[in-house]
1. Just to check your reading of the model, which residue among THR67, THR84, THR101, THR110 is touching a His at 6+ places or on another chain (Cβ under 7 Å) and within 29 Å of ALA9 (Cα to Cα)?
2. Tell me yes or no: at least one residue of the range 52-71 is without any contact (Cβ under 8 Å) to a residue 40 or more places away in the chain, in a loop (DSSP other than H, G, I, E, B) and closer than 23 Å to GLN5 by Cα.
3. Name the single residue, out of those in the range 81-98 being in a loop (DSSP other than H, G, I, E, B) and touching a helix residue (DSSP H, G or I) at 6+ places or on another chain (Cβ under 8 Å), that is surrounded by the most Cβ atoms within 10 Å (Cβ to Cβ).
4. Please determine whether any residue of the range 65-72 is surrounded by fewer than 12 Cβ atoms within 10 Å (Cβ to Cβ) and of a type in the set (D, E, K, R).
5. Among (1) in a loop (DSSP other than H, G, I, E, B); (2) among the charged types (D, E, K, R); (3) surrounded by 11 or more Cβ atoms within 10 Å (Cβ to Cβ), which single condition is ARG78 missing?
6. Please go through the range 120-138 and pick out each residue that is surrounded by fewer than 10 Cβ atoms within 10 Å (Cβ to Cβ) and part of a helix (DSSP H, G or I).
7. Which residue pairs have Cβ atoms under 6 Å apart, sit 6 or more places apart or on different chains, and have a first residue in the range 86-105 that is under 19 Å from SER66 (Cβ atoms) and touching a residue at least 12 places away in the same chain (Cβ under 8 Å) and a second that is among the hydroxyl-bearing types (Ser, Thr, Tyr) and crowded, with 17+ Cβ neighbours inside 10 Å?
8. Which number in (1) surrounded by fewer than 20 Cβ atoms within 10 Å (Cβ to Cβ); (2) in a loop (DSSP other than H, G, I, E, B) marks the one condition that ALA41 misses?
Amino acid sequence: MATPQAAVAGADLICTTTASRQPILEGAWIAPGAHINAVGACFAATRELDTPAVACARLIVDRKESTLNESGDFLFARADGAITDDHILGELGDLLLGHVTARRSSDEVTLFKSLGIAIEDLAAAHYIYTQAIAQNVGVSVPLGP
């Protein structure tokens, strides 16, 4: 694609995984009913989404406390006055347990903002480990004296 706008035109699912300091996704480009996984820009001074992109979406996060203190995507939109802390519907666990509803209609935009939590890293490490064992690849490294 020639531009980010062209890449997301009409997309049902948009995933961002950058360390950008400037927005790479604008709210005006997001189609009704799209879902966004924003998993990059994990620091207060970085952002992948412009303020309208965050404000137009129903927001689920991996950890609310981290989002309120570290997510540039959230913090810039809040500083612009477009959202408040209540814009966060809940954490991913709340959604999985049915305690919150992310999408109430087919045209609503939903957003999952992930800063990363340890369980995600552990799950990835476990998967890689089990695949290495199953394929008999890798090197065993002793961790103790």
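Any read-out appearing in this document is the output of simple, stated calculations on the displayed coordinates, not a laboratory observation. In this text the structure is predicted, and so the values were computed from the model without any measurement. Here Cβ is always computed from backbone atoms with ideal geometry, including for glycine, and neighbour counts include all displayed protein chains.
1. THR110
2. The answer is no; no qualifying residue exists.
3. ILE83
4. For the range 65-72, residues surrounded by fewer than 12 Cβ atoms within 10 Å (Cβ to Cβ) and of a type in the set (D, E, K, R): present.
5. (1)
6. Within the range 120-138, ALA134, GLN135 meet the criteria.
7. As it stands, the answer is ALA102/THR110, since those pairs meet every condition given.
8. Exception for ALA41: condition (1).
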